[in-house]
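Chemist: Below are the structure tokens for one structure; questions will follow.
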Amino acid sequence: MVKFFSTILCTIMLALPLTGCTGTIQNAEKNHQSESKPPKDPNNDNQYPNQSTATSGNTSSDTEAQKYSNTDSIQVIAKPKSIPVLVNKQNKLPDSYNPSDLIYAKIPFVNTAGAEKRKMRKEAAAAIEKLFAEAKQQDVNLLGVSAYRSHATQITLFNYYVKRDGYKKARTYSALPGTSEHETGLAIDVTGGNGKCQAQDCFGGTKEAIWLQTHAAEYGFIIRYPKGKSSITGYKYEPWHIRYVGKAIAIEIMDRGITLEEYYQATPVNK
Ligand SMILES: [Zn+2]
């Protein structure tokens, strides 16, 4: 019996750092997300835009995902509209949140990307268009893979995995609804122009990945899940997942080689 539980525990502990930014059913199956004073959020006097006393516990639940999330001490984000919002396994978007300013990003996408995935919030869409245009000028051809994912889509996806593999296993590769950055409309998975290595480790080290690492911040984006930071972000290295946070914050984060969690001095996810 003891052996049984320790096996289960080890499986979970080993699997956690491998959790990726599960995109579609197909790519989720393949993969799968400070020394200085905390900066002020421009829209809030609080320490950071997520600060909230509310938790997702003990609320009425009408989906399996919501019911399960009650077992974790996950904070509900107070200011989900904030551009530099921190969304991770401990900070979830309110169930009712849907970005109100989504537009189609006018960039080339892989053929398999459906309409929803081509959307981003207005400011992020304008920034990604500039980034793609400048990359192309420098002979770096990028393609969008997956940007926005609605809360409803994430619930459907997560519940599908729970039914198929059980809750514990599903958690190792699929984000709980509300905790995926793709629901903010501020994140996008990209790949190289040849369409290979979509949301896969082989994207790391490519010309496109190196360009993003060097230049993404100039357009307000960060490499959200950097190498060697999985104990802080809760996700393994994902060179393809970039997140819009605004230029000033992006430059500071990338220059200092830190994560969004460290920028806010938030609790490491896997601690
Ligand atoms: Zn992603």
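Chemist: Scanning the stretch 197-221 for residues that are touching a Pro at 6+ places or on another chain (Cβ under 6 Å) and away from the ligand (no atom under 12 Å from the Cβ), which turns out farthest from VAL269 (Cα to Cα)?
Modeler: Filtering first and then ranking leaves ALA209.
Chemist: Quick check on my filter: what residues within the stretch 157-192 are modelled with pLDDT under 90 and either assigned to a helix (DSSP H, G or I) or not hydroxyl-bearing (Ser, Thr, Tyr) (or both)?
Modeler: Within the stretch 157-192, LYS168, LYS169, ALA170, ARG171, THR172, TYR173, ALA175 meet the criteria.
Chemist: Among the residues of the stretch 216-271 satisfying the criterion of being among the hydrophobic types (A, V, I, L, M, F, W, C) and surrounded by fewer than 18 Cβ atoms within 10 Å (Cβ to Cβ), which is nearest to ASP201 (Cα to Cα)?
Modeler: Restricting to residues being among the hydrophobic types (A, V, I, L, M, F, W, C) and surrounded by fewer than 18 Cβ atoms within 10 Å (Cβ to Cβ), the top hit is ILE251.
Chemist: Considering ALA126, ALA113, which residue is of a type in the set (A, V, I, L, M, F, W, C), in a loop (DSSP other than H, G, I, E, B) and out of contact with any helix residue (DSSP H, G or I) (no Cβ under 8 Å at 6 or more places or on another chain)?
Modeler: ALA113
Chemist: Within the stretch 95-110, track down each residue that is of a type in the set (Val, Ile, Thr) and in a loop (DSSP other than H, G, I, E, B).
Modeler: Answer for the stretch 95-110, where residues must be of a type in the set (Val, Ile, Thr) and in a loop (DSSP other than H, G, I, E, B): ILE107, VAL110.
Chemist: Considering every residue within the stretch 59-77, establish whether at least one is outside any strand (DSSP E or B), out of contact with any helix residue (DSSP H, G or I) (no Cβ under 7 Å at 6 or more places or on another chain), at pLDDT 95 or above and surrounded by 15 or more Cβ atoms within 10 Å (Cβ to Cβ).
Modeler: Checking the stretch 59-77: at least one residue is outside any strand (DSSP E or B), out of contact with any helix residue (DSSP H, G or I) (no Cβ under 7 Å at 6 or more places or on another chain), at pLDDT 95 or above and surrounded by 15 or more Cβ atoms within 10 Å (Cβ to Cβ).
Chemist: For the stretch 121-165, which positions are among the small types (Gly, Ala, Ser), exposed (fewer than 15 other Cβ atoms within 10 Å of the Cβ) and either touching an Asp or Glu at 6+ places or on another chain (Cβ under 6 Å) or at positive phi (or both)?
Modeler: Residues satisfying the conditions do not exist here.
Chemist: Of everything in the stretch 228-257, what is of a type in the set (Val, Ile, Thr) and either within 17 Å of the chain's Cα centre (by Cα) or under 14 Å from ILE83 (Cα atoms) (or both)? Give them in sequence order.
Modeler: Residues satisfying the conditions are ILE232, THR233, ILE242, VAL245, ILE249, ILE253.
Chemist: Go through the stretch 158-196 residue by residue and tally those that are within 20 Å of ARG243 (Cα to Cα) and within 16 Å of the ligand (Cβ to nearest atom).
Modeler: Selection size over the stretch 158-196: 20.
Chemist: For the stretch 128-138, indicate whether the set of residues that are within 15 Å of the ligand (Cβ to nearest atom) and more than 14 Å from LEU212 (Cα to Cα) is non-empty.
Modeler: Scanning the stretch 128-138, I find no residue that is within 15 Å of the ligand (Cβ to nearest atom) and more than 14 Å from LEU212 (Cα to Cα), so the answer is no.
The values are calculated or read from the model by the stated rules, or taken from the named source; none is laboratory data. The structure displayed is predicted, hence computed values, not measured ones. Positions of Cβ are backbone-derived with ideal geometry, glycine not excepted, and every protein chain shown enters the neighbour counts.
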